[in-house]
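So the structure is just underneath, and the comments pick up after that.
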Amino acid sequence: MSTKKYFLAAAVLSVVSSILLKVNFDFCGDYEGVFLLKGQHGAWLEITDDLFPEDIERFITGYALSNFKRVVSNGACSASDSPCMNYEWNSATGRGFIKTSYPDGRKFLICLSRFKDSADKKPSGLILGGNLPPIDPDANYFDRNETGMAYFDGTRYYHIWCNANEGIIDESSRLISPENWKYIDSRVQENSPKDLTLFSRHQAVINNVPITVERTLFYEVGNTYVTLLTKIINVGKTSTAFSYLYGDEPWVGNFGTSAGDIGWLKDRLVTTEMPVDTSHYDHAGIYDYGNILAGEKHVYTNKANFIEWQHENHPDYAFFSNDFAKVGEPEAKTPLASHTNRVIALLWGKLLLQPNQSFMFKMAVGMADVNPRTKMPVKPETGIN
């Protein structure tokens, strides 16, 4: 090779290497396609094998594929006479979805661990949140109403629940969320034409003590909710104390805004920050109705969600607020008025687990109906109580 050709090849190689150093490759094992995103953190471009809701603003182009992904699925279904379910579960990455179709064209969507947190971490396992995989015929990259838990009424999608805000709070008040748990495994435990049961297992370290978190999801075709059973096991050699938080600023009706959202209980609407007596009530929710105390009229979507807990092992505390970190006293009558952060939250604990001891709690999470006469939300009968 001549000196001229040598230096030319070296120059080309240097340019290519420099470009590659500015390209981030983020292959998470979902194999949903090939997608090109605008780079971040100093990179020019990013190439990835899946597309999450948080990626949409950086999306340039891409191609969805189904040839390479490894999922358990029951395939497409026809809802000509009765509701039918289509689901996918990737046990390697702990991601998937459940989609129910109804004969009249309605649909109900449950996405699981198909999202990124604010630090770009991806959870795995039975954690509510995210979007449909890009290859799905109902996937719409740019409609964020079609994320988390969502309802299609035949004309449009309505947002029901967002990515779950949940996790274990240790003795230093640090929240260890599912994105920071170690994902162990998952599986489809039951799959029949009427029922689906999924299981995932995780590990975390709480106060320097290892624990295992097991979650089981139960879904019956046609329902507009799921039942979640969570079991926390101390697998260490010393005791550990913690609390468990589950909540959301769910943006009911329309993604990205809490405007119109108020709380509801079985016997009242809640327009101000307040704690909930979890020994008296066994469910609560958010209702997209409009809060007069926030200057809002009743011109919203009238969609509502709910979360139900068992009488046994009920949360020690629950509240409606404008902030996860605090809740006003009822006598302060602080209106639920935040534009983006009207919150419902449940808290178990403080709990103390000895070695080999476990704690379990069960809840149902889903969409509530609204009585057209009273305008009050009504949760479906879940059977957990």
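None of the figures in this text is laboratory data; all of them are computed from the coordinates on show. This structure is a prediction, so every number in the text was calculated from the model and none was measured. Note that we place each Cβ from the backbone using ideal geometry, even for glycine, and neighbour counts take in every protein chain shown.
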### Task
Return the only residue of Ser78, Ser66 being over 22 Å from the mean Cα position of the chain (by Cα) and more than 25 Å from Glu220 (Cβ to Cβ).
Ser66
### Task
Filter region 324-349 down to residues that are surrounded by fewer than 19 Cβ atoms within 10 Å (Cβ to Cβ) and aromatic (Phe, Trp, Tyr), then give me how many there are.
1
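Looking at Leu132, Leu126, which is the one that is free of Cβ contacts under 8 Å to residues at least 60 places away in the same chain and hydrophobic (A, V, I, L, M, F, W, C)? Full working, then the answer.
Numbers: Leu126 fails: free of Cβ contacts under 8 Å to residues at least 60 places away in the same chain.
Just a single option satisfies the conditions, and that option is Leu132.
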### Task
Return only the number of the condition from (1) on the phi < 0 side of the Ramachandran plot; (2) touching a residue at least 60 places away in the same chain (Cβ under 8 Å) that Glu296 does not satisfy.
(2)
### Message
Anything in region 275-303 that is buried (at least 22 other Cβ atoms within 10 Å of the Cβ) and under 18 Å from Asn322 (Cα atoms)? List them, or say none.
### Response
Ala284, Gly285, Ile286, Tyr287, Asp288, Tyr289, Asn291
### Message
Quick test for you: out of Asp138, Asp143, Asp170, pick the one residue that is surrounded by 14 or more Cβ atoms within 10 Å (Cβ to Cβ) and touching a Leu at 6+ places or on another chain (Cβ under 8 Å).
### Response
Asp138
### Task
Please list, ordered by first then second residue, the pairs with beta carbon atoms under 6 Å, 6 or more apart or interchain, first in region 311-326 and at negative phi, second of a type in the set (Gly, Ala, Ser) and in a loop (DSSP other than H, G, I, E, B).
Asn322/Ser338
#### Entry: Counted residues, region 223-270 - those being surrounded by fewer than 19 Cβ atoms within 10 Å (Cβ to Cβ), among the acidic types (Asp, Glu) and either closer than 28 Å to Ala204 by Cα or touching a Leu at 6+ places or on another chain (Cβ under 8 Å) (or both)
0
### Task
Would you mind stating whether Ser338 is touching a residue at least 24 places away in the same chain (Cβ under 8 Å), under 29 Å from Val209 (Cβ atoms) and among the small types (Gly, Ala, Ser)?
no
### Message
Looking at Arg70 and the list (1) touching a Cys at 6+ places or on another chain (Cβ under 7 Å); (2) surrounded by fewer than 23 Cβ atoms within 10 Å (Cβ to Cβ); (3) without any contact (Cβ under 8 Å) to a residue 60 or more places away in the chain, which single condition is not satisfied?
### Response
(1)
